[in-house]
Amino acid sequence: MAGIDILASAFNGANAAFLADLYARWASNPSSVDPSFADLFAAMNDEARAVLEDASGASWAPRPSLSYDEQPAAATAPGGLSAEQVRAATISSLRALMLIRSYRVRGHLEARLDPLGLQIPAPHPELDPKSYGFSEADMDKPIFIDYVLGKETATLREILKILRETYCGPIGVEFMHIQDPEQKSWIQRRVEGAPWHSTLDAAEKRTILHSLTEAEGFEAFCQKRYVTTKRFGLEGGEVTIPALRAMIETVAAAGVGEIAIGMPHRGRLNTLVNIVKKPLIALFSEFSGESFKPDDVQGSGDVKYHLGTSTDVEIGGHTVHLSLQPNPSHLEAVDPVVVGKVRARQDWAGDTKKRGSVMAILMHGDAAFAGQGLVYETLAMSQLIGYRTGGTIHLIVNNQIGFTTVPAHAYSGLYCTDVAKSIQAPILHVNGDDPEAVIFCARMAAEYRMKFASDIVLDIVCYRRHGHNETDEPAFTQPLMYKAINRTKTTRALYAEKLAAEGTVSAEDAQGMLDAVTRTLEEANAAAKSYKPNKADWLEGHWAGFTPVDQQEVELTEEPTEVPAGTLRKIGAALSHVPDGFNVNPKIARQLEAKAEAFESGQGIDWATGEALAFGSLLLEGSRIRLSGEDTQRGTFSQRHAVLIDQLNQNEYTPLNNIAPDQAKIEIYNSLLSEAGVLGFEYGYSLADPRTLVLWEAQFGDFANGAQVIIDQFLASGETKWLRMSGLVLLLPHGFEGQGPEHSSARIERYLQLCAERNMYVCNLTTPANYFHALRRQVHRNFRKPLVVFEPKSLLRHKLAVSSLEDMSDGTRFQYVIPEIDEILPPDQVRRVAICSGKVYYDLLAERRSKEIKDIALVRLEQIYPFPENSLAHALAPYPNADVVWCQEEPENMGAWNFVDRRIEKVLSRLDMRVRRPVYVGREAAASPATGLVRTHMAEQSRLVATVLGIG
């Protein structure tokens, strides 16, 4: 019985056998045992059982192996003890174990975490021995605790001393929410006994002091020399620098060769120079207003506390590549970007099992960690098959304030870290003015990540010595806090005093460290006056061989992206085949048969098949592909079926990975229901691996609205701000089919508003073949730009929206503009040219054919940005007597109209045509993207088609 097992595991020896026998008798007949024991067994609640379970699985040392003989029940226990004595000892043991467990669960509530002493923890009743029936008279009585704290027996005073030092000192540990017994046991063994003040030798302490001196010296120098310059300094949290070093040193010794760091602006400059080793001379040059890049490298740049860098450092005898990801001020937006970058580096290295060669360290502010949804989205990805990276260390620089907002107004939970419990991550809270405790926690966090491949959080509770920036006055809003800060010595000063008192580092030696750091800073600052950057490293390493795009690129010189027809049919054979014994869904089986017929005839290639052919051809050429998004394996509209599911056993089969034995592979993941997090992840992946085609697909195009920060601040502007190319592809289903306001529009206008300096490519395509070429050119170019594709919905199965294999072979290429293809009147007799983009073309074409209209030409603008002036001019030139209209489905204040109207006008001004400006035809301006009424939608659609064709 479970009760016997629990008691036997908690109390070894003859007493255990005696209690087990009594419990068995009581379980079958409560009246058969002494009433005192019946009361004891009946009173055992779930908490007591949990105590015994924890005790049995988490002792410090192996228990002695004790044997005993089975004995019949007796009024007296073995060893001459009376039943009442055994009962009393048992109750004391149970109470002690419950007290121990309470400290493991709630000891952090009384930890001394605030270096300012303003947050004084209130006594918690569950940590009071009196709550468990103990009195002062019990303090020195021995209690059997079965090696739970490394002791077979201990007095209550001894037990409390261990528990208070462990759980209520400068470190508060939250780990009892973890379900994995091994992880929980590992943390208990690491912390119980408070080893953080006994594990560091004199050399390590000296290293900590030197690191603190570098951190504080840098901030003090900047405050003195650049008084009015914003730098978002680390004063009050300087212990972050030695903590980072300890983490890096620990994981480097465990085999990590590359670390990607993401962090906000606070402390970034200190981290750049003291961790990632950006030259001081370069940084001080930027303080003086100089650019971080050579003048001949294009780009608008960014403020210095947004910039990143990368370097190789030697630490602990190991070489580690460190990179600090640049990012905007938008809090936590960089988190998924860094994690995606780490995943790409691991995949590149073939580290797809342990994922221990590359890792991420994410630094956070306390208010942002609690307040920003991207934190949870990033945490939620941490153990998912398509996004896991073997664990991330989260380091929170907890200033106990967010700009001017105190914790009571910043989050509802007890700690800013509470969200991390959602993934059972352990949380280490530590007082930032106890450097040795901080270093212990930093090393422990690193060891935990390497052992369990899981996330862990280190919450360094510190303060912010200045305001939000160095010119801000924080006493406006937090006068008491800043009175306390002003009378608090710096962490370095306090630690130097401690080391001097114990004889480890003399006061003179500590001052000498500070003087040496200051001299180095002065010399670098003087040299910065003549410093000029002489190279840009943005196209080195994995980016070697790529070149910046020519700003005057002419679209008519686009390289061919065709594939031999024989290769296309080879891919087609794989796409329409499933292995023997694979139980494919009957509906899909019919689709595969139709696909095979299309490949046989070379006609009727639909959108999804064109995409698959592009993917397959790139895989055969050796390019990896990664596609993720909500329900991408099947496709939102049941169009893709890139991963087939056996209907009997749920096994998966990916036809694209079975074209040829030596081909590259495609990874297709159904993502978690996240937009900002997943798009940020894929953007980060594309930064680290330019030779893999990386795509993110929104379930509907408007879902990308939830990722607008990633689009605005990374995708559209990352290259010009930070010299970081990305070839990420966004697939956004778009089209007005009467399905209501939300899922109609992917907001073309938003992307076009972001377009400048050839920063990305925006396409609203009409044929599978052009989609095929657009995907292939994304890989074949010698530069990388994001590509935004407005995918169709109704065109996925439209009988007119098909291509042939010939459209993808025989010298074909991407078409920026598709001119008129039907038989109409001679060009000089055409009275109107309608320029359109996307699905509306087929509505116009069908109605024109139905009404047998021959004097209106339809020209398709396939790529909207960069705007293809030459191609459009070539398509319009044959119609000198025609007027020109722009037709779109979207309301007038949306879609592409406000972007293309002046550009079309510019093209018309180059041509010998009767008109100089296009006329708008489409829906009227509206606040909502589309009507929710099907009848209204149909009427609007018919009206705009009729207006274009002159039949209204």
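The values are calculated or read from the model by the stated rules, or taken from the named source; none is laboratory data. Since the structure is predicted, the reported quantities are computational estimates derived from the model, not experimental observations. Ideal geometry is used to build each Cβ from the backbone, glycine not excepted, and the neighbour counts take in all protein chains shown.
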Selection within region 149-184 - crowded, with 18+ Cβ neighbours inside 10 Å and among the β-branched types (Val, Ile, Thr)
159, 162, 166, 171, 173, 178
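So, restricting to helices (runs of 4 or more DSSP H) that lie completely within region 227-288, which ones have at least 3 residues that are closer than 20 Å to residue 205 by Cα, at pLDDT 95 or above and β-branched (Val, Ile, Thr)?
Working: elements: 240-253, 268-274, 280-287.
In region 227-288, 240-253 are the helices (runs of 4 or more DSSP H) which contain 3 or more residues that are closer than 20 Å to residue 205 by Cα, at pLDDT 95 or above and β-branched (Val, Ile, Thr).
Of all residues in region 329-359 being assigned to a loop (DSSP other than H, G, I, E, B) and touching a Gly at 6+ places or on another chain (Cβ under 9 Å), which is modelled with the lowest pLDDT? Please lay out each step first, then the result.
Within region 329-359, the first condition is being assigned to a loop (DSSP other than H, G, I, E, B), and the residues that meet it are 329-333, 350-357.
Checking the rest, the ones that are also touching a Gly at 6+ places or on another chain (Cβ under 9 Å) come to 331-333, 351, 354-357.
Numbers: 331: 86, 332: 93, 333: 94, 351: 93, 354: 93, 355: 95, 356: 95, 357: 96.
So, considering only residues that are assigned to a loop (DSSP other than H, G, I, E, B) and touching a Gly at 6+ places or on another chain (Cβ under 9 Å), the one modelled with the lowest pLDDT is 331.
For (1) under 28 Å from residue 737 (Cα atoms); (2) in contact with a Cys (Cβ under 9 Å, 6 or more places away or on another chain); (3) outside the structural domain of residue 763 (by TED's automatic domain parsing), each residue gets a yes or a no:
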position	(1), (2), (3)
902	no, no, yes
915	no, no, yes
921	yes, yes, yes
925	yes, no, yes
935	yes, no, yes
940	yes, no, yes
What number of residues in region 904-930 are of a type in the set (Asp, Glu) and within 19 Å of residue 868 (Cα to Cα)?
2
List the number of the failed condition for residue 470; all other conditions in (1) assigned to a loop (DSSP other than H, G, I, E, B); (2) closer than 21 Å to residue 194 by Cα hold.
(2)
Per-region count, region 576-627, residues touching a helix residue (DSSP H, G or I) at 6+ places or on another chain (Cβ under 6 Å) and either small (Gly, Ala, Ser) or surrounded by fewer than 14 Cβ atoms within 10 Å (Cβ to Cβ) (or both)
8
Output the number of residues of region 100-157 satisfying the condition of being touching a strand residue (DSSP E or B) at 6+ places or on another chain (Cβ under 8 Å) and among the hydrophobic types (A, V, I, L, M, F, W, C).
9
I'd like to verify a number: residues in region 641-688 that are among the hydrophobic types (A, V, I, L, M, F, W, C), within 27 Å of residue 622 (Cβ to Cβ) and in a loop (DSSP other than H, G, I, E, B), how many?
5
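Does at least one position in region 659-668 carry a residue that is over 29 Å from residue 567 (Cβ atoms), in the same structural domain as residue 607 (by TED's automatic domain parsing), without any contact (Cβ under 8 Å) to a residue 40 or more places away in the chain and exposed (fewer than 15 other Cβ atoms within 10 Å of the Cβ)? Let's see the steps before the verdict.
As a first pass, look at region 659-668 and keep what is over 29 Å from residue 567 (Cβ atoms): none.
Within region 659-668, not a single residue is over 29 Å from residue 567 (Cβ atoms), in the same structural domain as residue 607 (by TED's automatic domain parsing), without any contact (Cβ under 8 Å) to a residue 40 or more places away in the chain and exposed (fewer than 15 other Cβ atoms within 10 Å of the Cβ).
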Could you tell me whether residue 483 is in a loop (DSSP other than H, G, I, E, B) and surrounded by fewer than 16 Cβ atoms within 10 Å (Cβ to Cβ)?
no
Going through region 462-473 in order, the residues found to be under 19 Å from residue 228 (Cα atoms), within 32 Å of the chain's Cα centre (by Cα) and in contact (Cβ under 8 Å) with a residue 60 or more places away in the chain are 464, 465, 466, 468, 469, 470
Which pairs turn up if I take residues in region 421-447 that are closer than 19 Å to residue 186 by Cα and assigned by TED's automatic domain parsing to the domain that holds residue 235 and look for partners that are outside any helix (DSSP H, G or I) and among the small types (Gly, Ala, Ser) with beta carbon separation below 6 Å, at least 6 apart in sequence or on another chain?
423/382; 429/172
Filter pass, residue 239 being closer than 30 Å to residue 161 by Cβ and in contact with a strand residue (DSSP E or B) (Cβ under 7 Å, 6 or more places away or on another chain):
yes
